[in-house]
Amino acid sequence: MTIGARIQHASATLGPRARLLAFGVVALASVALGFLTFSVHQSQYLIEHYGYYTISFTFAWALIAAWRIAPVLGAELAAPARRERFQAGGVIAVCTVIAVLTVPITYKVLYDEMVLQATAWDMHFFREVKTILRGYRVDGMFVPFDAYLDKRPFFFAYLVSLVHDLTGYREANAFYVNLALMPVVLVQVYYLGRRLAAHGGALAAVVALGTLSLLAQNATGAGMEMLNLAMLLLTLQLGLIYLDAPDAPRLAAMLLAAVLLAQTRYESSLYVLPTAVVALEGWRRAGRIILPPSAIFAPALLIPYAIHNTYLSGTPLLWELHQDEKARFGLDHFWSNLHHAGLYLFSGSTLSTNSFWLSVAGILAFLFGLYRLWRGRRGWRTAPPVAVGLVAFGVVILGNLLLLMFYYWGQLDDPIVARLSLPTCVLLALALAYAVNVLDAPRRHLAAVSIGGAVLCYVWSGLIANAQHSALNTLDAELAWEQRYVASLPPGDRLILTNKSALPWMIHETPAIAIEQARHRVEELRFQLENHTFREILVTQMLRPTSAAGDYQLDPADRLPDWFVLQPVAEHRFGTRLDRVSRLVEIQPRPPAPPKK
């Protein structure tokens, strides 16, 4: 008998009270272990060395749970008529293809996504949760010599590492994962829409979200937002399936999905609360306590998240606060962030990744839904599962957005912050499906009107934003040019002294250090240069214009000491600036310090 079967058998022999007691003991022990037992240093060590195995165990258990309810999932997918499934599939395919054709597949939030890439690299090669800081080739193999534990949850990096395991290490794998997740997200939106509305309303929701430039930007990047959105929708879907007919296998699938969701983004642990609400509502509807092993041990599966949070809370350097900030949240940010949220949601700019149609029509539909919800509040005991699930998860989605308004870096019109509004956008799209279904009539054709409004906004500004928004990220363009240039050179080990992060070079297994570090490692660099440790040492720097006559000046932040002798080998213009690659030829003796007077 396998370990899983033994746990299942032991759980089955326990009565309801014994299971509740077991759950309570596990929950208290998990809180103690996760938040109270380990120091910051111990927490860092545990996640770095054992985080890979804990996430592997949870993921494997979730797959087994999904397999056990496969017939139920198959019936759910086959519920719409064949013609409706083909139409929905066609719309989803068109939205996905347009996104791929109009948005460059590249990094959107350069440093964040590079950190995830570097973490996936380490998980693939060493089964550790670390982000490489420094590495060199030893006997032909690239070996990390310095690494750290990043603040970001690592479920996305883990999935990318699995793709590396199956296909070999490729930087592009992270992009492929996100591209695959776009139709997954839209399919789930359609099926949620079908629970709220007829086929037309569900299509309206799919088109409203599928024509959102923000979704396309994230689907063609290497961030964790698409996985977070997919896991959020999956947890909600499994919750509704559980409420349809509460039993142990369905509850297990929902709870394990929620555990994985909690390890996808920082704030996604909040969705444990609505998952618990749905679980309890299932108990009420079934008239009995349902506690499979996954429910009893779910708090234990969240211990790695708690330990990781202990490390983050005790490492202020990872908070990335502005110079004048002392805390991550504050009341003084609220009104300013609310103003920026309005600027983003209702912008008509061709550079904004929003959808004016989704914001306006979606918010009106959401308010209409709230009105209908309030009128029907007395019938909550017999409310359909989709109403219970959307209320439970919707409250947390809106609460998360409200919390963002108090965050020091919570301006939605900031391209880096806008991605945090994706769960809210899904909520607005689903509200639109509901409103279309309730208000539609034979002569109104509201589904067609909604689809037409979304498409019109997409043509008006969304498609332009798809193409132009990435152009704002000149840092990524500069880095791509530098890497293409280095790749065109004859084979050989090179050391890069970069004016950007060293991470992009590390994931290409090219040794690199920042120029700031190079200033403090003069003797080490001189030794490597004189002993030909590397074929050559290259330096990347930026020059800024100083006059209309075409004069340029080296950016002071990129300047090396005067005794570093550089030979420029390549330049490329980006806007008004010049990106320069130089070869380090010599490091002359440091001039003596002037005598003290």
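For this structure, a couple of remarks:
- One residue alone among Met542, Met506 is under 23 Å from the mean Cα position of the chain (by Cα), open to solvent by less than 20 Å² (accessible area, probe 1.4 Å) and in contact (Cβ under 8 Å) with a residue 12 or more places away in the chain, and that residue is Met506.
- Tabulated pairs, the range 77-105, first in contact (Cβ under 8 Å) with a residue 40 or more places away in the chain, second β-branched (Val, Ile, Thr), C-beta under 6 angstrom, 6+ apart or interchain: Val91/Val206; Val103/Thr220; Ile105/Thr220
- Check on Ala118, open to solvent by less than 20 Å² (accessible area, probe 1.4 Å), within 30 Å of Val207 (Cα to Cα), assigned to a helix (DSSP H, G or I) and in contact with a Ser or Thr (Cβ under 9 Å, 6 or more places away or on another chain): no
- Exclusive hit being over 30 Å from Met542 (Cβ atoms), at pLDDT 90 or above, within 26 Å of the chain's Cα centre (by Cα) and part of a helix (DSSP H, G or I), set Gly452, Gly462, Gly399: Gly399
- Number of positions in the range 308-346 that are modelled with pLDDT under 90, under 30 Å from Ile363 (Cα atoms) and open to solvent by less than 50 Å² (accessible area, probe 1.4 Å): 2
- Between Ala429, Ala477, the distinction of being open to solvent by less than 70 Å² (accessible area, probe 1.4 Å), assigned to a helix (DSSP H, G or I) and at pLDDT 90 or above belongs to Ala429 only.
- Every condition in (1) surrounded by 24 or more Cβ atoms within 10 Å (Cβ to Cβ); (2) in contact with a Ser or Thr (Cβ under 8 Å, 6 or more places away or on another chain); (3) at pLDDT 95 or above; (4) closer than 20 Å to Asp112 by Cα holds for Gly221 except the one numbered (3).
- Index of the failed condition, Gln483 passing every other in (1) within 29 Å of Leu560 (Cβ to Cβ); (2) in contact (Cβ under 8 Å) with a residue 40 or more places away in the chain; (3) in a helix (DSSP H, G or I): (2)
- Residue within the range 197-212 that is more than 30 Å from Ile289 (Cβ to Cβ), under 16 Å from the mean Cα position of the chain (by Cα) and among the β-branched types (Val, Ile, Thr) present: no
- Taken together, the residues in the range 269-291 that are farther than 22 Å from Ala306 by Cβ, open to solvent by less than 30 Å² (accessible area, probe 1.4 Å) and part of a loop (DSSP other than H, G, I, E, B) amount to 1.
- Helices (runs of 4 or more DSSP H) (entirely within the range 1-101) containing at least 1 residues that are modelled with pLDDT under 90: 3-12, 16-31
- Test for Thr106: is it within 21 Å of the chain's Cα centre (by Cα) and in a helix (DSSP H, G or I): no
- Selection of the range 378-396 for residues being open to solvent by less than 40 Å² (accessible area, probe 1.4 Å), within 13 Å of Leu427 (Cα to Cα) and either in a loop (DSSP other than H, G, I, E, B) or aliphatic (A, V, I, L, M) (or both) yields Val386, Ala387, Leu390, Ala392, Val396.
The values are calculated or read from the model by the stated rules, or taken from the named source; none is laboratory data. Small disclaimer: the values here were computed from a predicted structure and weren't measured. Ideal geometry is used to build each Cβ from the backbone, glycine not excepted, and the neighbour counts take in all protein chains shown. Please note that ligands, DNA and RNA were not included when accessible areas were found on the heavy atoms of the full protein model with its side chains. Shrake-Rupley method; radii C 1.70, N 1.55, O 1.52, S 1.80 Å.
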